[in-house]
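Engineer: Take a look at the following structure, please.
The values are calculated or read from the model by the stated rules, or taken from the named source; none is laboratory data. For clarity, every value in this text was computed on a predicted model and none was experimentally measured. Note that each Cβ is placed from the backbone with ideal geometry, even for glycine, and that neighbours are counted across all protein chains shown. For the accessible areas, the whole protein counts, side chains as well, though only heavy atoms, and no ligand, DNA or RNA atoms are used. Shrake-Rupley method; radii C 1.70, N 1.55, O 1.52, S 1.80 Å.
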Amino acid sequence: MAFDKMELKDIEVWDGNFAAAQAMRQCQIDVVSAYPITPSTPIVEGYAKFLADNYVEGEFVMVESEHAAMSGCIGASAAGGRVATATSSQGFALMVETLYQASGMRLPIILNVVNRALAAPLNVNGDHSDMYLGRDSGWIQFDAYCPQDAYDLNFIAFKVAEDHDIRLPAMVHQDGFMTSHTAQGVHTLDDDTAYNFVGDFKPMNDMLDFEHPVTHGVQTEEDWHFEHKARQHNDLMTKVLPKIQTVFDDFEKLTGRKYNIVEKYDMDDADVAVVCMGTSVETAREVALEMREKGIKAGVVGLRVVRPFPFFEIQEALKEVKAIAALDRSSPNGAPGMLFNEIAGTLFNTDTKALLSGYVYGLGGRDLTKKHLVDLYTELQANVDAGKVTTPLQQFIGVRGPKLQFL
């Protein structure tokens, strides 16, 4: 039975969840295997509704846990289908074992992760704890700042992941509630244009292709495990970023919407810069412009791709900056934050004289306010003026009670 086309306005008012669900519909997913969890439930719920209303010709599999959800995706992808799902927080944590299976088997599954704090204590609001938990799982990771990004990056993720030179799963991250439940105007693609951009799914190493038998789920031990992981790592680092840039360029030609692996705002002459992800990027941009009116040359660097980590693009973005703040929205639990460490490692063997400090913020959905960022940029300028870091290397922004710091 043929499915129906949905007529969309040029601009629709969608939240990030519905934008992702619409993109999944337009990509014509073969199988969505899902277990709902706040705040990502409306993504798979929306897809299920589209399927029930005959806008999708696929299968929706309701399973008993998030571990089973990803296991179902792995089976469907290995069998030669276009596959996607969504999750958050504790559900993501339950998926972790299977995430490594998906990437190790080179299955181009798309996972929408609506970022949310990890318990305990229990919290349903957004931070990047789950994003950070998955950073070494071998998945490509994209970061959306708003509902428009959540829509666009799904198409981009499918086109990158399904390329036969890549064949790796990909996540599209968005901030829980701040993006997922906040409605904004989203520029749309019509169904045919969207699907044609992604293209027909072309299976590779399909386990149901009996004319070309392959083995899935092998055991290697010391004989070949190292080589397998080294090759996977090498492909992530050398093949994925150029492919992402090519797809970004193709998407810009199609829509006029430009994405960069590392987004730079007011960085041409910046003395001080904030490096951050998610909805914080737009807030930081607004404050940076206000700081420039006060004589502080402030800029913002936003990561659009978290994995593979874009070392050289970060180096280029920060090469002339005098003081940098890395904003980590996840509790580091006894260490500097991931973003702080990644930037430090990126800049260590370069000629930069930049002063780097780290800030932990927004845990469990705590707001990052403009006042917080005004104070942060002021501290960065003080570091520039003093020629050294004048604050602790890591601080906690907006924590109640005594001021906390580490290092």
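Engineer: Could you list, in sequence order, the residues of the range 381-403 that are open to solvent by 80 Å² or more (accessible area, probe 1.4 Å) and in a loop (DSSP other than H, G, I, E, B)?
Structural biologist: The answer is Lys388, Arg400, Pro402, Lys403.
Engineer: Got a number for residues in the range 276-296 being open to solvent by 10 Å² or more (accessible area, probe 1.4 Å), closer than 23 Å to Thr179 by Cα and among the aliphatic types (A, V, I, L, M)?
Structural biologist: Of the residues in that region, 1 qualify.
Engineer: Now for a separate question. From Arg231, Arg285, grab the single residue that is outside the structural domain of Val172 (by TED's automatic domain parsing) and among the charged types (D, E, K, R).
Structural biologist: From the options Arg231, Arg285, the qualifying one is Arg285.
Engineer: When the residues of the range 68-113 are narrowed to those that are small (Gly, Ala, Ser) and part of a loop (DSSP other than H, G, I, E, B), which ends up surrounded by the most Cβ atoms within 10 Å (Cβ to Cβ)?
Structural biologist: Ser88
Engineer: If the Cβ limit is 7 Å and pairs must be 6+ apart or interchain, which residue in the range 181-208 that is in contact (Cβ under 8 Å) with a residue 12 or more places away in the chain and open to solvent by less than 70 Å² (accessible area, probe 1.4 Å) pairs with which residue that is small (Gly, Ala, Ser) and part of a loop (DSSP other than H, G, I, E, B)?
Structural biologist: If the second residue must be small (Gly, Ala, Ser) and part of a loop (DSSP other than H, G, I, E, B), the pairs left are Pro203/Gly80; Asp206/Ala79; Asp206/Gly80.
Engineer: Looking at Asp367, is it surrounded by fewer than 15 Cβ atoms within 10 Å (Cβ to Cβ), closer than 21 Å to Gln174 by Cβ and not aliphatic (A, V, I, L, M)?
Structural biologist: yes
Engineer: Which residues, counting only those in the range 233-264, are touching a Lys or Arg at 6+ places or on another chain (Cβ under 8 Å) and open to solvent by less than 40 Å² (accessible area, probe 1.4 Å)?
Structural biologist: If the condition is that a residue be touching a Lys or Arg at 6+ places or on another chain (Cβ under 8 Å) and open to solvent by less than 40 Å² (accessible area, probe 1.4 Å), then Leu236, Val247, Phe248, Phe251, Tyr259, Ile261, Val262, Glu263 are the ones that fit.
Engineer: Which of (1) touching a strand residue (DSSP E or B) at 6+ places or on another chain (Cβ under 9 Å); (2) polar (S, T, N, Q); (3) under 28 Å from Ile244 (Cα atoms) is the odd one out, the single condition Gln405 does not satisfy?
Structural biologist: Condition not satisfied by Gln405: (3).
Engineer: Can you name every residue in the range 21-49 that is of a type outside the set (Val, Ile, Thr) and in a loop (DSSP other than H, G, I, E, B)?
Structural biologist: Cys27, Gln28, Asp30, Tyr35, Pro36, Pro39, Ser40
Engineer: Another one. Residue check: is Leu339 in a strand (DSSP E or B), in the same structural domain as Gly302 (by TED's automatic domain parsing) and open to solvent by less than 50 Å² (accessible area, probe 1.4 Å)?
Structural biologist: In short, no.
Engineer: Does Phe18 qualify as being in the same structural domain as Asp175 (by TED's automatic domain parsing), under 30 Å from Thr279 (Cβ atoms) and either assigned to a strand (DSSP E or B) or at pLDDT below 95 (or both)?
Structural biologist: For Phe18, the condition - in the same structural domain as Asp175 (by TED's automatic domain parsing), under 30 Å from Thr279 (Cβ atoms) and either assigned to a strand (DSSP E or B) or at pLDDT below 95 (or both) - is not met.
Engineer: Would you confirm, using the coordinates I've provided, whether Thr346 is hydroxyl-bearing (Ser, Thr, Tyr) and open to solvent by 30 Å² or more (accessible area, probe 1.4 Å)?
Structural biologist: Criteria not met by Thr346.
Engineer: Also, quick follow-up: State the number of residues belonging to the range 345-363 that are assigned to a helix (DSSP H, G or I) and touching a Lys or Arg at 6+ places or on another chain (Cβ under 9 Å).
Structural biologist: 2
Engineer: Scan the range 311-336 residue by residue and report those that are surrounded by 20 or more Cβ atoms within 10 Å (Cβ to Cβ) and among the hydroxyl-bearing types (Ser, Thr, Tyr).
Structural biologist: The one that is surrounded by 20 or more Cβ atoms within 10 Å (Cβ to Cβ) and among the hydroxyl-bearing types (Ser, Thr, Tyr): Ser330.
Engineer: Does at least one position in the range 127-134 carry a residue that is within 21 Å of Pro308 (Cβ to Cβ), modelled with pLDDT of 95 or more, assigned by TED's automatic domain parsing to the domain that holds Gly46 and open to solvent by 60 Å² or more (accessible area, probe 1.4 Å)?
Structural biologist: yes
Engineer: Of the residues that sit in the range 17-65 and are hydroxyl-bearing (Ser, Thr, Tyr) and over 14 Å from Val83 (Cβ atoms), which one is surrounded by the most Cβ atoms within 10 Å (Cβ to Cβ)?
Structural biologist: Ser40
Engineer: If a residue has to be on the phi < 0 side of the Ramachandran plot and either part of a loop (DSSP other than H, G, I, E, B) or under 13 Å from the mean Cα position of the chain (by Cα) (or both) to count, how many in the range 295-318 make the cut?
Structural biologist: Selection size over the range 295-318: 11.
Engineer: Which one of these is at pLDDT 95 or above, in contact with a Phe, Trp or Tyr (Cβ under 6 Å, 6 or more places away or on another chain) and among the aliphatic types (A, V, I, L, M): Ala69, Ala52, Ala119, Ala84?
Structural biologist: Ala69
Engineer: Which one is nearest to the chain's Cα centre (by Cα) among residues in the range 234-268 that are free of Cβ contacts under 8 Å to residues at least 24 places away in the same chain and assigned to a helix (DSSP H, G or I)?
Structural biologist: Here the residue is Gln245.
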